[in-house]
Amino acid sequence: MVIQQEENGLKELETMQKAVPFAPSATSYAMGWKGLQAVRYRDSSGSEFSGEGTSRTHAVVLHVRPPEKMDLRYEGVKRNVPPPAGSMAVVPAGSSLVVRWQGSIDALHVLLEPSLVARVAAESFEFDPSRTVMPPLFGLNVPELRRAMLAVDAELRAGGVGGPLMVEALARLLAVHLIRHTTGAHRLPASADGVLPRRKLRTVVEYIMENLGGSLTLEQMAAVVHLSPYHFARQFKAATGLPPHQFVIARRVERAQHLLRANGEIGLVEVALRVGFSDQSKFSFHFRRIVGVTPGQFRISARIA
């Protein structure tokens with residue numbers, strides 16, 4: 001599965017390189033993200049570029065610093081002036097894109113899987129997923145969507161320390177904002193969410209603790225209590241005060257503390273893997289954020305105590 005995802009990511013990058021003919025400054029393709037990928041392009045050469053391509057995913061582009069000149073064509077969108085700084089464009093999957101620009105550029109491309117957007121449309125808005133259409137848009141100024149894009153960018157720059165659950169939540173948030181803006185629809189009433197009942201909360205917490213060392217996903221946790229991922233996330237946060245991914249991280253750190261106290265010989269890499277972190281850097285980041293000290297410092301203080 002991981003190999004297949006990497007191959008798909010390389011193919012998507014190759015497609016994007018036809019439209020943006022220089023190497024990206026950062027990509028998420030090696031981070032194991034699902035449903036969403038992010039690519040940051042920065043070029044300060046001031047040169048003139050042109051390219052074309054067809055994306056297999058929905059692309060949302062945040063123009064952090066637009067070029068001086070720009071000529072753009074895709075799916076009925078025709079523009080020969082640069083977009084405003086901070087504005088966004090939506091390029092639906094399957095769109096044939098032709099672009100030419102001149103000058104420095106800084107843009108964030110967030111790529112959403114069409115299947116994820118269709119799933120969110122069905123779960124959150126009760127739309128027919130087979131008829132969910134993402135229209136082409138240009139020059140968007142939607143603060144909520146921009147904030148979600150910047151959150152993805154922050155996760156990209158941090159190296160994906162929030163983990164797959166964080167990325168999954170961001171992907172769904174982006175999809176919700178896109179659907180709301182493009183259709184004018186509202187999410188299902190808040191009363192339909194409510195608070196996760198105590199029995200279901202106990203069931204899902206037990207599931208989390210039993211599978212803490214594995215790769216927990218929002219879909220898996222939601223399936224345990226027979227809810228859609230969207231409604232599960234809202235009900236879970238209402239019941240615990242934490243989004244599911246933050247709750248899982250907190251429990252992993254708690255288990256790591258127990259291991260560090262109980263076994264002075266086990267290595268930090270092994271501790272990280274046992275409690276479900278993909279590598280030691282993510283483990284150390286979240287451990288210090290929650291506990292206030294690094295895992296090594298915690299182990300030393302536990303020995304002294």
Problem - Unmet criterion (only one of (1) surrounded by fewer than 18 Cβ atoms within 10 Å (Cβ to Cβ); (2) at pLDDT 90 or above; (3) part of a helix (DSSP H, G or I)) for Val152 - result: (1)
Completion exercise
Counting only strands (runs of 3 or more DSSP E) entirely within region 75-115, those with at least 2 residues that are open to solvent by 30 Å² or more (accessible area, probe 1.4 Å) are 77-79, 96-102
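Let's see how each residue does on (1) open to solvent by 50 Å² or more (accessible area, probe 1.4 Å); (2) assigned to a loop (DSSP other than H, G, I, E, B); (3) modelled with pLDDT of 95 or more:
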{"residue": "Phe236", "(1), (2), (3)": "no, no, no"}
{"residue": "His258", "(1), (2), (3)": "yes, no, no"}
{"residue": "Leu273", "(1), (2), (3)": "yes, no, no"}
{"residue": "Ser278", "(1), (2), (3)": "yes, yes, no"}
{"residue": "Ser281", "(1), (2), (3)": "yes, no, no"}
{"residue": "Arg288", "(1), (2), (3)": "yes, no, no"}
{"residue": "Gln297", "(1), (2), (3)": "yes, no, no"}
{"residue": "Ala302", "(1), (2), (3)": "no, no, no"}
Exercise for the section: For Tyr207, state whether it is assigned to a helix (DSSP H, G or I), open to solvent by 40 Å² or more (accessible area, probe 1.4 Å) and not charged (D, E, K, R). Expected result: yes
Fill in the blank from the handout: In region 215-234, anything at pLDDT below 90, open to solvent by less than 40 Å² (accessible area, probe 1.4 Å) and small (Gly, Ala, Ser) is listed as Ser228, Ala233
Exercise for the section: Working carefully through the options Val269, Val195, Val176, Val248, find the one that is in contact (Cβ under 8 Å) with a residue 40 or more places away in the chain, of a type in the set (A, V, I, L, M) and open to solvent by 70 Å² or more (accessible area, probe 1.4 Å). Expected result: Val195
Practice task
Name every residue in region 119-145 that is open to solvent by less than 30 Å² (accessible area, probe 1.4 Å) and modelled with pLDDT of 90 or more, in order of residue number.
Solution key: Leu140, Val142, Leu145
Problem - Residues located in region 246-279, provided they are of a type outside the set (Lys, Arg) and under 15 Å from Tyr207 (Cβ atoms) - result: Phe247, Val248, Gly276
Practice task
Test Phe49 against the stated conditions and say whether it is over 17 Å from Glu113 (Cα atoms), touching a residue at least 12 places away in the same chain (Cβ under 8 Å) and in a strand (DSSP E or B).
Solution key: yes
Problem - Count of residues meeting criterion [modelled with pLDDT of 90 or more and open to solvent by 60 Å² or more (accessible area, probe 1.4 Å)] in region 155-173 - result: 2
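The values are calculated or read from the model by the stated rules, or taken from the named source; none is laboratory data. In this text the structure is predicted, and so the values were computed from the model without any measurement. Counting neighbours? That spans all protein chains shown, and the Cβs are built from the backbone with ideal geometry, glycine included. Side chains included, ligands, DNA and RNA excluded: accessible areas come from the protein's heavy atoms. Shrake-Rupley method; radii C 1.70, N 1.55, O 1.52, S 1.80 Å.
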